[in-house]
Every structure is written in structure tokens, then in C-alpha cells.
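The values are calculated or read from the model by the stated rules, or taken from the named source; none is laboratory data. If you're wondering where the values come from, they're calculated on a predicted model, not measured in any experiment. Backbone-built Cβ (ideal geometry, glycine too); neighbour counts: all protein chains shown. The protein model used for the area step is the full one, side chains on, heavy atoms only, and it has no ligands, DNA or RNA in it. Shrake-Rupley method; radii C 1.70, N 1.55, O 1.52, S 1.80 Å.
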Amino acid sequence: VVHGGMGIDSAYLRCEGVLELAGPARRVVIYDQRGHGASGRSDPEAYSHAQWAADLRELASHLNEGPIDVLGHSYGAFIALEFASMYPSMLDQLILVGGSAGPVTRRVSTLRSDEQVRAAFRARWPSMFGSQVVPWDVFERCTFAFESFNAAFGRELPKYDLRTHVEQIKAPTLLIVGELD
């Protein structure tokens, strides 16, 4: 499971609906991408779509997995598509939730601290759940990282466009997008 929201870790995905995807024949691995949460930080220049996709390949190889099923959520769907384009033989099935093949035009200000990223996500958190009860307890479990946020939204997203690559994906693919996404 590839988390979204570059700048926020995978803690929000450790919830009932996602964890229930595991079963006798399926292991669910929810990991923090490079520059997020438990994965720690490195040189911000290493934060790129290609590197995040390569990291997923390394993780799958380390776990001795054959072709894997990949679920990418939000910005994680962009990375899942990068993975599918770069490593098609490693992909069995693909699920993209709230993603896009690009281009995505969205101006985002550069943030200078983890606390600024936290504040930006806090301001948008209620809108991510529509009229449902807002899970503030989940928000409080998350950690935030300004370097990966800036790399993703400032450097990587403006050049993101995989529209010419998606027709080459041969793995069964499920696209899930909400009406207001």
C-alpha cells in the first residue's frame, strides 16, 4: 500500500478498511516512503517519483515477493503508476484510489517546516471526509515532513504526466475516484 499526501506518513492508512484487505492468501504491507515517518529522511534531492518507485521495487524484492498487487492512494497512486510503468513485470494487480495519470496543475507554496506541513494538512483534513465524522485521532498519529512535501509538489508534480504510459499497463487495474475528488 503506497501512501499519499507526500509530506504525511502512512499512519492514516493503518485503519480497519485497509488492514482488512489482508487474509490467508494476502499479506498487506503498509510502509512509509523515503522521507516519511519510520523510513527516515535522506538528501531531499533523492525525493523523486522515480526514486520512490524504485524504493517500492526494492521493498518487494527484499520481501521476496513475486509480482505484487499495489494499491496507491492519492499521491501514492502517482507513485504506483510510476512503479507500473517502470517495473511492469513486478506488478500483478493495480488499484489506484483518487489518483491521476497527469498532468496535475496545482500551485502549492513551499513550506519551511514540518509544523507548516502539519498545519496545511490540518486545515484540509475535514474536507477529506465529506460529511462524515472527521477522524482527528488518526490525524494525531501522523507525522509530517516538509522536505518530501516540497520535492513532490514543487519539483515532481509539475512535470508529472504518464498519460502516454497507461495503455501499456497490462495488469488488471481498478480505478477509484470520488465525485468530489
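Summary table below
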| quantity | calculated |
| --- | --- |
| Hits in segment 66-91 - residues which are out of contact with any strand residue (DSSP E or B) (no Cβ under 8 Å at 6 or more places or on another chain) and in contact (Cβ under 8 Å) with a residue 24 or more places away in the chain | Tyr75, Glu82, Ser85, Met86, Tyr87, Pro88 |
| Segment 40-65, residues that are open to solvent by 40 Å² or more (accessible area, probe 1.4 Å), assigned to a helix (DSSP H, G or I) and among the aliphatic types (A, V, I, L, M) | Ala50, Leu59 |
| Which numbered condition Pro24 fails, given (1) open to solvent by 40 Å² or more (accessible area, probe 1.4 Å); (2) at pLDDT 95 or above; (3) farther than 22 Å from Ala152 by Cα | (2) |
| Single condition Arg34 does not satisfy, out of (1) over 14 Å from the mean Cα position of the chain (by Cα); (2) open to solvent by 40 Å² or more (accessible area, probe 1.4 Å); (3) under 18 Å from Val70 (Cβ atoms) | (1) |
| Boolean, Arg106 is basic (Lys, Arg), open to solvent by 50 Å² or more (accessible area, probe 1.4 Å) and closer than 29 Å to Phe129 by Cα | yes |
| So Glu115, is it of a type in the set (D, E, K, R), buried (at least 20 other Cβ atoms within 10 Å of the Cβ) and out of contact with any Asp or Glu (no Cβ under 9 Å at 6 or more places or on another chain) | no |
